[in-house]
1. Leaving out same-chain residues fewer than 8 places away, which lysines sit with a Cα under 18 Å from that of Lys151?
2. Using a basic spin-label model with each label point 7 Å from the Cα along Cα→Cβ, how many nm lie between Asp127 and Ile154?
3. Taking the Cα centre of segment 121-269 as origin, work out the dipole magnitude from +1 charges on Lys and Arg Cβ and -1 charges on Asp and Glu Cβ, in debye rounded to 20.
4. Select from Val164, Val22, Val200 the residue whose mean-square fluctuation is largest in a Gaussian network model of the chain (Cα-Cα springs shorter than 10 Å).
5. Pull up the cross-link candidates among the lysines for Lys66, meaning alpha carbon to alpha carbon under 26 Å and not fewer than 8 places away within one chain.
6. If one takes the longest principal axis of the Cα atoms in the chain, at what angle in degrees, from 0 to 90 and to the nearest 10, does the Cα axis of helix 173-182 lie?
7. Need the full-extension length gain, Asp15 to Asp102, defined as separation in residues times 0.36 nm minus the C-alpha distance. One decimal, nm.
8. Show me, for segment 89-99, the HN-Hα J-couplings you get by feeding each phi into the Karplus relation (A = 6.51, B = -1.76, C = 1.60, θ = phi - 60°), rounded to Hz, glycine and proline as x.
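No lab work stands behind these numbers, since they all come straight from the coordinates. Because the structure is a prediction, the values reported are computed rather than measured. A quick note on method: Cβ atoms are made from the backbone with ideal geometry, for glycine too, and the neighbour counts reach across all protein chains shown.
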Amino acid sequence: MSTAKLNAIITQRHDFGTGAWVIHVVPDGWTLADFEAGQHTALGLPGTAPRCKGSLAEPPLKKPEKLIKRAYSIVSSPLERDRLEFYLVLIDGGALTPRLYDLRPGDRLWMSPKITGSFVLSQAPPDANLVLVATGSGIAPYVSMLRTILKPDIKRRIALLHGVRTSQDLGFMKEMLAMQRVSPHFTYIPTISRPKNEIVTWTGRTGYVQQIWESRALSDIWGFDPAPENTHIFLSGSPAMIESMVDHLGRDGFTEHTRTNPGHIHLEKYW
Ligand SMILES: Cc1cc2nc3c(=O)[nH]c(=O)nc-3n(C[C@H](O)[C@H](O)[C@H](O)COP(=O)(O)OP(=O)(O)OC[C@H]3O[C@@H](n4cnc5c(N)ncnc54)[C@H](O)[C@@H]3O)c2cc1C
Ligand SMILES: NC(=O)c1ccc[n+]([C@@H]2O[C@H](COP(=O)([O-])OP(=O)(O)OC[C@H]3O[C@@H](n4cnc5c(N)ncnc54)[C@H](OP(=O)(O)O)[C@@H]3O)[C@@H](O)[C@H]2O)c1
């Protein structure tokens, strides 16, 4: 494989549960741009890079030397300037993730020097309460946001609702629980959709993130209703979840935020 375009090196890898992992990536000979928590960049490998064992076969590539590139939210905080951290989920039939899954510390990949995206907290008023909703790897931008803004004496209320298949897929659970302990205004609510697949009985919430919203759990925890005049909502991950949440939120008076029409709902669709 030509290494000419592979401008970054993996320095750390940590695996979570089944098919999810974190990597730390350091630029080789260039400097990381400034960024805001919640933004994304792109990672890539050429088609000649091997696919991991167990992944689905793909049809022959027309130009195997060409880089396969995909967008990834940055997990690390912009306060850390030496490397970027990413949270990846293996898609067995995907083009890039079966190739990324084979990489170990010391291996090279391509990382875009450009960091972009408007899924950032500066899109919401600084005093607005925040409901951060994710499925699967959609938690990535929130980890960066929380690592950047959470302090023990933070005044605004922040809730993170994270929906995954089983508790093994709750990447960052330990870190989120630790944040909740030191920052009383932060609430972490995980939910699993496939309790029958648990190794030991799960005593937490089950179902989709929409059910947590519908249950009014946040009103009980916060002591007031999250409403458009006091709360902004961020939605990240599965497009089906996002579309359904936008419907639910619309019934409660929340509207989508766009450049021309300011609203209270901010979206990051992963596909
Ligand atoms: C702004 C942005 C940020 C993103 N951040 C992340 C991130 O932090 N971590 C991450 O793992 N992915 C992230 N993605 C998705 C990522 O870009 C790739 O699509 C994903 O890694 C799959 O790549 P692939 O080439 O292996 O499969 P593809 O051939 O690109 O995708 C095949 C199919 O897999 C499904 N899929 C794609 N991504 C996911 C996912 N993350 N979880 C569940 N199903 C998925 C979709 O049905 C898709 O059609 C992000 C996407 C966008 C647009
Ligand atoms: N996570 C794993 O164990 C694992 C391991 C290896 C590979 N993979 C592959 O990785 C890919 C992504 O898996 P993932 O579980 O990380 O992400 P995902 O498919 O986006 O699912 C994340 C969570 O969102 C739920 N969900 C699905 N539709 C929803 C909707 N309309 N509204 C709200 N929530 C919804 C899922 O529930 P459901 O139970 O209904 O799906 C699951 O709880 C898949 O292709 C999978 O084959 C996953």
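1. Lys174
2. For Asp127 paired with Ile154, the spin-label model returns 1.8 nm.
3. 400 debye
4. Largest GNM mean-square fluctuation: Val200.
5. Straight-line reach from Lys66, under 26 Å: Lys5, Lys53, Lys114, Lys269.
6. Orientation of helix 173-182: about 40 degrees from the principal axis.
7. Values: separation 87, 0.36 × 87 = 31.32 nm, distance 1.20 nm.
Roughly 30.1 nm would be gained on extension.
8. In residue order, the calculated couplings are 10, 6, 9, 3, x, x, 7, 9, 4, x, 7 Hz.
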